[in-house]
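Visitor: Here it is: the structure, laid out below.
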Amino acid sequence: MNKEEKRIIGLTTASHSLVHLFEGVLPPLIPLVMADFGTDYFHLGLVVTVFSYAFGLGSLPAGIFADRVGPRRLVSLYLFGAGIVCIAVWPTGSLLTYGVIMGTLGLFCSTYHPASNTLLSLSIQEKGKAFGIHGIAGSLGVASVPVISAWLGSLLGWRAPHVVFGLFGIAVGFYSLTIPRPVPVKAGREPKPGSGDPEKDFSYLNLVIFFLSATSLGLTYKGIMTFLPAYMGENVHLGFIQMDTVTLGGTVATVALLSGALGQYVAGRLVDRYRAEGIYLVSVLIGTVFVFVMAASTDFLLVVSAVIYAFFYFATQPVQNYLLSTYFPSHRQGLGYGIQFGLTFGVGSTAAAVSGYLADRFGLTSVFYFMGICFSLASLFVAILLVRTRRETMGREERGL
């Protein structure tokens with residue numbers, strides 16, 4: 001990578017970690033917020049849903065704007081806006097006000113994924129490697145936020161993590177202003193068989209199937225990430241660890257989720273070399289198995305199964321991003337990523353409220369069985385996508401294309 005590519009990677013990795021700190025700040029604090037506002041899982045699930053709907057549904061217009069005004073400008077808008085809104089949590093005195101603030105935070109964060117993925121797709125030659133590195137940063141944010149948020153919340157109150165993350169966001173925002181407008185680059189190698197030329201091989205049915213798989217995985221992501229720290233705190237009992245349930249849940253969730261960074265790296269390296277749809281299917285199938293294991297286990301086995309789940313779930317993300325870069329032409333990259341993240345985080349956010357309802361009625365274990373069903377649907381869609389793209393590749397080869 002040249003110097004300019006490294007600067008773009010630096011901006012997007014820092015920004016990606018931060019967006020998942022913003023997204024994941026509440027779940028580890030749920031017991032503290034419940035006690036402060038006298039509320040329940042369902043209503044806090046609604047707050048997560050408000051954030052997530054804004055986070056997801058704002059991605060579609062953000063993707064369109066990324067194609068028109070440039071992705072770097074949207075990254076800067078996200079950093080400054082999210083940072084200021086997070087600091088505004090400090091004087092919050094009611095659950096309603098907090099919900100409004102979290103919804104506004106979600107809107108600012110919604111600009112990030114379409115903008116950053118477009119920026120990487122247009123600016124970096126080794127796309128798979130870039131998406132892998134970018135994904136690692138996101139996974140580290142996802143993995144670290146339970147323990148950081150839980151520790152800060154336990155020591156300084158549940159509002160403190162929001163303010164700390166907000167200050168970091170503003171600092172990275174100033175750095176983003178030094179990054180120039182990206183100049184599109186051509187890939188450093190020819191597309192792999194099956195990738196096709198997105199200007200010519202544009203299949204709407206393949207896109208629908210792909211987006212259905214992404215939506216199903218978005219449901220699992222939001223449902224699991226919302227209640228994983230609480231689930232860990234309730235079901236992991238290791239005698240050598242002496243912590244309160246909030247800190248324990250956040251710490252154990254972080255340990256489990258760290259493997260997601262490795263999954264991002266491995267998948268990012270493989271996707272430049274092998275058929276992306278095949279890697280996608282293997283990752284989703286193995287993830288499905290271990291979500292069900294998580295639902296049926298406790299203590300050490302629960303931690304191990306969560307580690308394996310996180311590795312394979314997060315391995316799907318650089319693969320999804322790579323596939324969209326091959327399915328859409330360069331001048332529509334923002335639109336493609338906007339649709340993807342709109343469905344993943346927007347429709348997927350429904351799982352937070354539904355999971356909160358299930359947790360109140362049937363216990364936290366029921367959430368993970370429900371997520372396993374969603375994972376199974378994703379496996380079905382990815383299998384269909386693989387079969388279709390293989391047939392299309394064979395057809396092109398037979399025609400000598």
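Visitor: Nearest 0.05, what FRET efficiency do A88 and H237 give at R0 = 35 Å with Cβ-Cβ as r?
Guide: The formula returns an efficiency of 0.35 here.
Visitor: Fewest first, what order do K222, K3, K129 take by the number of other Cβ atoms within 10 Å?
Guide: K3, K129, K222
Visitor: Then there's this: Compute the helix-to-body angle for 71-87: its Cα long axis versus the longest principal axis of the chain, expressed 0 to 90° and rounded to tens.
Guide: The helix 71-87 is inclined about 0 degrees to the chain.
Visitor: Any idea what angle helix 276-295 forms with the longest principal axis of the chain, computed on alpha-carbon atoms, 0 to 90 degrees, nearest 10?
Guide: 20 degrees
Visitor: Right, something else. Hey, for a label at L96 modelled as a point 7 Å past Cα toward Cβ, could you say which residues of segment 24-43 have their backbone N under 17 Å away?
Guide: The answer is 37-40, 43, whose backbone nitrogens lie closer than 17 Å to the label point.
Visitor: Report, in degrees rounded to the nearest 10, the 0 to 90 angle that the Cα long axis of helix 259-271 makes with the longest principal axis of the chain.
Guide: Here the helix axis deviates by roughly 0 degrees.
Visitor: Taking R0 as 30 Å, what FRET efficiency do you get between S203 and Y357 from their Cβ-Cβ distance, rounded to the nearest 0.05?
Guide: The computed FRET efficiency comes out at 0.20.
Visitor: Sticking with this structure for a sec: Which one, L96, G173, M232, projects farthest toward the positive side of the charge dipole computed for the chain from Cβ point charges (K/R +1, D/E -1)?
Guide: Farthest along the dipole direction, towards plus: G173.
Visitor: Sticking with this structure for a sec: In nm, to one decimal, how far is the L262 label point from the R388 one, both placed 7 Å along Cα→Cβ?
Guide: Placing both labels 7 Å along Cα→Cβ, they lie 3.5 nm apart.
Visitor: Using a Gaussian network model of the chain whose springs link C-alpha atoms within less than 10 Å, name the residue from P91, P27, P146 with the highest mean-square fluctuation.
Guide: Among P91, P27, P146, the largest mean-square fluctuation in the Gaussian network model of the chain belongs to P91.
Visitor: Right, another one. Sum up the lysine pairs in the chain that clear both bars: alpha-carbon distance under 21 Å and a spacing of 8 or more or different chains.
Guide: For the chain, the number of qualifying lysine pairs is 13.
Visitor: Moving to a separate point now. Just want the ordering: I64, I339, from fewest to most Cβ atoms lying within 10 Å of their own Cβ.
Guide: Ascending number of Cβ neighbours within 10 Å: I64, I339.
Visitor: If you build a Gaussian network model of the chain, linking Cα atoms that sit under 10 Å apart, which residue out of P229, P31, P180 swings the most?
Guide: P180
Visitor: Further, regarding this structure: Calculate the dipole size of the chain relative to its Cα centre from +1 charges on Lys and Arg beta carbons and -1 charges on Asp and Glu beta carbons; express the result in debye to the nearest 20.
Guide: Using only the charged Cβ atoms, the result is roughly 1140 debye.
Visitor: Let me have the 222 nm mean residue ellipticity of the chain computed from DSSP H runs of 4+ only, each contributing -39500 (n - 2.57), with the sum over all residues rounded to the nearest 500.
Guide: Estimated from H runs of four or more residues: -26500 deg cm²/dmol.
Visitor: In nm, what is the difference between 0.36 nm times the number of residues separating F42 and I286 and their Cα-Cα distance?
Guide: Stretched out fully, the F42 to I286 stretch lengthens by 84.8 nm.
Visitor: If each residue's Cβ is checked for other Cβ atoms within 10 Å, how do S366, S17, S59 rank with the fewest at the top?
Guide: S366, S17, S59
Each reported figure results from applying straightforward, stated rules to the coordinates on display, with no laboratory input. Just so it is clear, the structure is predicted and the values come from calculations on it, not from any experiment. For neighbour counting, all protein chains shown are included, and Cβ atoms are generated from backbone atoms with ideal geometry for every residue, glycine included.
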